[in-house]
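Working notes, structure below.
The values are calculated or read from the model by the stated rules, or taken from the named source; none is laboratory data. Just so it is clear, the model here is predicted, and its values are computed rather than measured. Here the Cβ positions follow ideal geometry from the backbone for every residue, glycine too, while neighbour counts run over all protein chains shown. SASA here: full protein model, heavy atoms, side chains in, ligands and nucleic acids out. Shrake-Rupley method; radii C 1.70, N 1.55, O 1.52, S 1.80 Å.
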Amino acid sequence: MAQPLTVGAEEEFFLVDPGSGAAVPAFEAVSAAASSAGPARRLQPEVSSALIEAVTEPHRELSLLADDMRALRATAAAAAEAAGCAVLACGTELLAGPYMPPTGSSRYRAIHRKYGAHVFGHIPCGLHVHVGMPDREHAVRVNNHLRPWLPTLQALAANSPIMLGEETGYASFRSMWWAYTPVAGPAPLVADASQYDALLDSLVASGVILDRKMAYWFARPSEDVPTIEIRVMDVCPTSDTEILLVGLARALVATCLQAVERDARVPSVSEQLLTAAHWQAARYGMEGDALDVSTGRPLPAWTLVERLVKHVTPALSDAGDLALVSDLLLDLRTRGSWAGRQRRILQEGGTPADVSAYLRSLFLV
């Protein structure tokens with residue numbers, strides 16, 4: 001039996017005041033507080049100085065990835081505490097506050113100048129999953145097969161109903177935030193890697209994006225490492241939920257790779273229906289109907305999750321992940337989605353600050 005595909009994760013976190021829960025521009029202080037040894041070197045800057053990114057190593061065993069993610073979270077939490085702040089795993093900035101300045105990177109400063117503080121002064125936080133690919137050609141072709149399934153992962157990960165102190169009406173407002181950027185949403189359907197790269201080059205040449213990394217599609221071949229990167233999911237409060245999402249994402253990529261290798265036809269999906277399915281996932285998450293892109297009809301979101309799990313069960317079994325993913329999925333379904341849990345706090349008279357405190361209490365769980 002072939003080895004499981006390698007998988008790694010990037011988790012973006014807010015740095016917040018431990019009392020108020022408001023975002024603070026503390027990346028430099030947290031970075032200085034982190035030890036240069038061990039996993040701390042994989043705590044990296046993001047566009048905003050109120051964010052920190054934890055980057056795992058690639059792993060073939062999901063249990064080892066889980067250990068890596070938990071070690072990085074523990075290191076980030078300890079460094080933040082030493083710097084006088086705390087770490088929050090939420091898709092959007094919960095409390096109103098001034099825009100956060102960019103980190104010191106010249107690229108990030110250029111992004112702020114190009115798109116404005118309104119966009120990148122309150123950048124949201126996601127979970128990005130990298131799955132190893134044989135080469136870029138395979139990554140591009142796998143991406144074509146991924147597209148119909150990504151709204152289901154998006155809904156399952158929804159963890160951003162509150163933005164800057166307001167209930168937005170969306171389970172994943174982070175997903176809607178990306179509409180501010182000029183190149184985002186479902187990846188385009190392309191024939192091969194050369195066509196994909198030509199499209200990226202034309203977008204950069206147009207001046208609409210500053211470089212190839214600013215194609216913020218929901219999934220894309222990485223520009224740095226030989227992977228396909230799924231970036232449609234909100235970051236979630238617990239490492240258990242993150243491992244669930246990573247396990248499903250890898251199994252989905254493995255299933256799509258098998259389809260590519262047997263030269264299966266790319267699923268025929270209406271571009272408008274696919275966009276609508278992503279909107280529906282962002283709006284309702286797991287608490288309402290999702291859109292079945294194969295029929296254009298609404299279905300309960302959990303029905304589409306069950307369909308996804310059935311689709312990838314052989315890949316989960318081959319990787320040895322089926323039991324773990326099934327247990328974690330049952331736990332999430334029993335306890336409720338993260339967007340639903342945030343909203344319950346508000347419905348019971350709590351405030352966005354209470355939501356922040358609750359989510360922070362689960363960071364190391």
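Nearest 10 degrees is fine. How inclined is helix 338-347 to the longest principal axis of the chain, computing both from alpha carbons?
Tilt relative to the chain: about 40 degrees.
Per-residue accessible area for MET286 at 1.4 Å probe radius, Å² rounded to 10?
Ignoring ligands and nucleic acids, MET286 comes out at about 20 Å².
Could the peptides 58-67, 261-270 be put in order, highest first, of the mean number of other beta-carbon atoms found within 10 Å of their residues?
Most protected by this proxy first, the peptides run 58-67, 261-270.
For the range 127-140, what does the Karplus curve 6.51 cos²θ - 1.76 cosθ + 1.60, with θ = phi - 60°, yield as ³J(HN,Hα) per residue in whole Hz, taken in order and with x for Gly and Pro?
These are the phi-based 3J(HN,Hα) values: 10, 10, 10, 9, 10, x, 10, x, 6, 5, 4, 5, 4, 5 Hz.
To test your reading of the geometry: what angle, between 0 and 90 degrees and rounded to tens, separates the Cα axis of helix 62-82 from the longest principal axis of the chain?
Once rounded, the angle reads 20 degrees.
Say a paramagnetic label sat at a point 7 Å from the Cα of ASP67, along Cα to Cβ; which residues of the range 1-26 have their backbone N under 17 Å from it?
What the label zone holds, given the 17 Å backbone N cut-off, is 7-9.
Computed FRET efficiency, Cβ-Cβ of GLU137 and SER20, R0 56 Å: what is it to the nearest 0.05? It would help to have the intermediate numbers written out before the result.
Numbers: r = 49 Å, r/R0 = 0.88.
Once rounded, the FRET efficiency stands at 0.70.
For the range 93-202, what is the accessible area per residue in Å², given a 1.4 Å probe and the full set of protein chains?
Numbers: 3810 Å² over 110 residues.
Value returned for the range 93-202: 35 Å² of accessible area per residue.
Per the helix-only calculation at 222 nm, which mean residue ellipticity applies to the chain, given -39500 (n - 2.57) for every DSSP H run of n ≥ 4 and division by its residues, nearest 500 deg cm²/dmol? Don't jump to the answer; show the numbers that get you there.
Details: 14 runs with 169 residues, N = 365.
After summing the helix terms and dividing by the residues of the chain, the value is -14500 deg cm²/dmol.
Figure the gain on full extension for ARG307 and LEU189 (residue separation times 0.36 nm, minus the Cα-Cα span) and round it to one decimal in nm.
Details: separation 118, 0.36 × 118 = 42.48 nm, distance 2.30 nm.
Full-extension gain reported as 40.2 nm.
I need to check one value: relative contact order of the chain, counting alpha carbon pairs closer than 8 Å and at least 6 residues apart, in percent. Please list the in-between numbers first.
Numbers: 709 pairs, mean separation 77.3, N = 365.
Value for the chain: 21 percent.
First measure r as the distance between the Cβ atoms of ALA276 and TYR358, then evaluate 1/(1 + (r/R0)^6) with R0 = 30 Å and state the FRET efficiency to the nearest 0.05.
Working: r = 32 Å, r/R0 = 1.07.
After rounding, the FRET efficiency stands at 0.40.
May I ask for the angle, rounded to the nearest 10°, between helix 193-206 and the longest principal axis of the chain, with both axes built from Cα atoms and the value confined to 0 to 90°?
Here the helix axis deviates by roughly 40 degrees.
Could you check the simple spin-label distance between LYS114 and ALA82, using points 7 Å along Cα→Cβ, in nm with one decimal?
Calculated label separation equals 3.5 nm.
So for the range 1-157, averaging the separation of alpha carbon pairs under 8 Å that are six or more residues apart and normalising by length, what relative contact order in percent results?
Numbers: 254 pairs, mean separation 48.3, N = 157.
For the range 1-157, the relative contact order is 31 percent.
Calculate the spin-label point distance for GLU28 paired with ALA179, positioning each point 7 Å from the Cα along the beta-carbon direction, and give it in nanometres.
Each label point is offset 7 Å from its Cα along the Cβ direction, giving 3.6 nm.
Normalising by the residue count of the range 133-282, find the relative contact order in percent from Cα pairs under 8 Å and 6+ residues apart. The partial results should precede the final answer.
Working: 184 pairs, mean separation 57.8, N = 150.
Contact order relative to length: 39 percent.
Among (i) 75, 56, 55; (ii) 55, 42, 36; (iii) 54, 48, 40, find the value of Cα extents along the principal axes in Å that was calculated from the structure presented, and write down its label.
(iii)
Could you compute the FRET efficiency for ARG107 and SER317, with r as their C-beta to C-beta distance and R0 at 41 Å, rounded to 0.05? Could you put the intermediate results ahead of the total?
Details: r = 42 Å, r/R0 = 1.02.
It comes to 0.45.
Cβ under 12 Å from PRO148's Cβ, PRO148 left aside: what net charge do those residues give with Lys, Arg +1 and Asp, Glu -1?
Working: positive: ARG147, ARG307; negative: GLU271, ASP292.
Combined, the nearby Lys, Arg, Asp and Glu give 0.
Leaving out ligands, DNA and RNA, what percent of the accessible area of the chain is carbon and sulfur, probe 1.4 Å? Could the numbers behind the result be given before it?
Working: 7890 of 14380 Å².
The value for the chain is 55 percent carbon and sulfur by accessible area.
Could you identify which residue out of GLY169, GLY285, GLY126 has the top mean-square fluctuation in a GNM of the chain using Cα springs shorter than 10 Å?
GLY169
With a 1.4 Å probe and all protein chains kept in place, how do TYR170, TYR99 rank by accessible area, largest first?
Values: TYR170 50, TYR99 120 Å².
Of TYR170, TYR99, the descending order of accessible area is TYR99, TYR170.
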